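Participant: Encoded as structure tokens, here's the structure I'll be asking about.
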Amino acid sequence: MVRIAGTGMALPPYRLDAAGFRAVLGAAFAPFYRDLRPLLRMADRCGVQERYLALPVEETLRSRSLGERNRIYVEQARALGEQAARQALLRSATDPRAIDLVVTVSCTGYMLPSLDAYLVGSLSLRPDVRRLPITELGCLAGAAALNRAAELLDGDSRRTALVVAVELPSLTFQPDDGSMDNLVSALVFADGAGAAVLRHDAGPGLALLDSRSLLVPGTLGEMGFELREGGFHVVLSKDVPALLAGPFAAAASRLLADHGLTFRDLSFACIHPGGPKILQAVDAALAVEGLTAVSWQVLSSFGNQSSAAVLTILNTLAEEHVPAGAKGLLAGFGPGLSLELGLLECRA
């Protein structure tokens, strides 16, 4: 059985609280909106009390070329990815040379060689380590990376994997774009990195029992990035929560039913905190009070860190007491619209 043996996270240095964000949002969108009161009410309801940014606020709001944005991304991604990975290796008591597979995920910048290639040297991984960079799954990539890594650990030649997710959505902010897509993105997204060490053995931790992937038909244009001369421009439909709710409920029910379980049998959940409306839709589907509490907590304390968010949630869960035998649900949502689900069990 594959289990999560240890987790880690890393945050960039610039913290922005709710009051500071409210002021920044008003200044950033003042050129586009005569009446800022509706925007500020949206800021009050976005669910994020504090977030972390790769650059100071005044630098985040500055117009810059795609090349300049990406140079900053590469520098920050390498530093944050290494920091999160080192923490996960330390907490799992894993020698870096024991890593057989490294999976890296990100959608907010571009690197070639990919981040995993740099981590081989900076973390002293073996030069023959298997590498799998995942670049275009958006917010669900953290959950997908955990599931794909678990599937690739076959118990013979590969027994230990390192998953690292780094996202810097603040570098995609477009100060000259007054669209609702850009506004909603600014309301919830934040920067950060997460990591996890997975091991194929019978030790303690959260075991990955099963997984499912789903691409919702007819939804390709609802969420994603459009690459233009100035960088990434967010595409984000207001209908995303409603479009995801039904497929999520059905797919999650089938996953649990295959193991003789229902939502009522779950003790915890690791649900991507896409925003208040996403979590409200999930809460309505699960109908189990308090199940998504950690996701709400992570949204409030760190914002939506895209693919890194589920790893931040796992890192938070590691600090809480989850009883042996407890079952949990892993869920990531992303462009497509896509779902990535997993069934977790706490092993003593």
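The values are calculated or read from the model by the stated rules, or taken from the named source; none is laboratory data. This one's a predicted model, so the numbers in the text were calculated from it and none came from an experiment. FYI the Cβ positions are ideal-geometry reconstructions off the backbone, even for glycines, and counts take in every protein chain you see.
For every residue, the table says whether it meets (1) touching a Ser or Thr at 6+ places or on another chain (Cβ under 7 Å); (2) within 24 Å of F189 (Cβ to Cβ).
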site: R78; (1), (2): no, yes
site: A85; (1), (2): no, yes
site: T94; (1), (2): yes, no
site: V120; (1), (2): no, no
site: L123; (1), (2): no, no
site: L132; (1), (2): no, no
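Participant: For the stretch 101-137, name all the residues that are of a type in the set (S, T, Y) and either out of contact with any helix residue (DSSP H, G or I) (no Cβ under 6 Å at 6 or more places or on another chain) or in a loop (DSSP other than H, G, I, E, B) (or both).
Facilitator: Kept after step one, since they are of a type in the set (S, T, Y), are these residues of the stretch 101-137: 104, 106, 108, 110, 114, 118, 122, 124, 135.
The answer is S106, T108, Y110, S114, S124, T135.
Participant: Still on this structure, please answer the following. Quick check on V105: is it among the hydrophobic types (A, V, I, L, M, F, W, C) and in contact with a Gly (Cβ under 8 Å, 6 or more places away or on another chain)?
Facilitator: Working: among the hydrophobic types (A, V, I, L, M, F, W, C): yes; in contact with a Gly (Cβ under 8 Å, 6 or more places away or on another chain): yes.
Yes: the conditions hold for V105.
Participant: Give the residues of the stretch 284-305 that are touching a Pro at 6+ places or on another chain (Cβ under 9 Å) and not in a helix (DSSP H, G or I), sorted by residue number.
Facilitator: Residues satisfying the conditions are T292, G303, N304, Q305.
Participant: When the stretch 216-227 is examined, which residues are found to be at pLDDT 90 or above, of a type outside the set (S, T, Y) and surrounded by 13 or more Cβ atoms within 10 Å (Cβ to Cβ)?
Facilitator: Quick first cut of the stretch 216-227, residues at pLDDT 90 or above only: 216-220.
Filter once more, keeping what is of a type outside the set (S, T, Y): 216-218, 220.
Answer for the stretch 216-227, where residues must be at pLDDT 90 or above, of a type outside the set (S, T, Y) and surrounded by 13 or more Cβ atoms within 10 Å (Cβ to Cβ): V216, L220.
Participant: Also: Of all residues in the stretch 6-23, which are within 24 Å of the chain's Cα centre (by Cα) and in a helix (DSSP H, G or I)? Lay out the reasoning, then the answer.
Facilitator: Keep residues of the stretch 6-23 that are within 24 Å of the chain's Cα centre (by Cα), which gives 6-18, 20-22.
If the condition is that a residue be within 24 Å of the chain's Cα centre (by Cα) and in a helix (DSSP H, G or I), then A18, G20, F21, R22 are the ones that fit.
Participant: Residue check: is L146 within 17 Å of Q83 (Cβ to Cβ), crowded, with 22+ Cβ neighbours inside 10 Å, modelled with pLDDT of 95 or more and not assigned by TED's automatic domain parsing to the domain that holds E340? Talk me through it step by step, then tell me what you get.
Facilitator: Working: within 17 Å of Q83 (Cβ to Cβ): no; crowded, with 22+ Cβ neighbours inside 10 Å: yes; modelled with pLDDT of 95 or more: yes; not assigned by TED's automatic domain parsing to the domain that holds E340: yes.
Considered against the rule, which asks whether it is within 17 Å of Q83 (Cβ to Cβ), crowded, with 22+ Cβ neighbours inside 10 Å, modelled with pLDDT of 95 or more and not assigned by TED's automatic domain parsing to the domain that holds E340, L146 comes out as no.
Participant: Now a separate question. Can you spot a residue in the stretch 306-324 that is in a loop (DSSP other than H, G, I, E, B), buried (at least 24 other Cβ atoms within 10 Å of the Cβ) and either of a type outside the set (D, E) or not assigned by TED's automatic domain parsing to the domain that holds V48 (or both)? Can you show your working first?
Facilitator: Residues of the stretch 306-324 that are in a loop (DSSP other than H, G, I, E, B), as a first pass: 319-324.
Right, trim to buried (at least 24 other Cβ atoms within 10 Å of the Cβ) and you get none.
No, the stretch 306-324 contains no residue that is in a loop (DSSP other than H, G, I, E, B), buried (at least 24 other Cβ atoms within 10 Å of the Cβ) and either of a type outside the set (D, E) or not assigned by TED's automatic domain parsing to the domain that holds V48 (or both).
This table checks each residue for (1) under 26 Å from S295 (Cα atoms); (2) part of a helix (DSSP H, G or I); (3) not aliphatic (A, V, I, L, M).
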position: I4; (1), (2), (3): yes, no, no
position: A28; (1), (2), (3): no, yes, no
position: Q76; (1), (2), (3): yes, yes, yes
position: A84; (1), (2), (3): yes, yes, no
position: A88; (1), (2), (3): yes, yes, no
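Participant: Select from the stretch 150-192 the residues that are under 14 Å from Y73 (Cα atoms) and of a type outside the set (A, V, I, L, M) and write down the one among them that is surrounded by the fewest Cβ atoms within 10 Å (Cβ to Cβ). Lay out the reasoning, then the answer.
Facilitator: Going residue by residue through the stretch 150-192, those that are under 14 Å from Y73 (Cα atoms) are 165-173, 190-192.
Still in the running and of a type outside the set (A, V, I, L, M): 167, 169-170, 172-173, 191-192.
Numbers: E167: 31, P169: 27, S170: 28, T172: 22, F173: 20, D191: 29, G192: 29.
Step by step, filter the stretch 150-192, then rank; the result is F173.
Participant: Looking at the structure I just gave you, is Q280 closer than 26 Å to A348 by Cα, out of contact with any strand residue (DSSP E or B) (no Cβ under 9 Å at 6 or more places or on another chain), part of a helix (DSSP H, G or I) and among the polar types (S, T, N, Q)?
Facilitator: Details: closer than 26 Å to A348 by Cα: no; out of contact with any strand residue (DSSP E or B) (no Cβ under 9 Å at 6 or more places or on another chain): yes; part of a helix (DSSP H, G or I): yes; among the polar types (S, T, N, Q): yes.
Considered against the rule, which asks whether it is closer than 26 Å to A348 by Cα, out of contact with any strand residue (DSSP E or B) (no Cβ under 9 Å at 6 or more places or on another chain), part of a helix (DSSP H, G or I) and among the polar types (S, T, N, Q), Q280 comes out as no.
Participant: I'd like the full set of residues that are exposed (fewer than 15 other Cβ atoms within 10 Å of the Cβ), within 19 Å of P133 (Cα to Cα) and among the basic types (K, R), limited to the stretch 57-91.
Facilitator: R71
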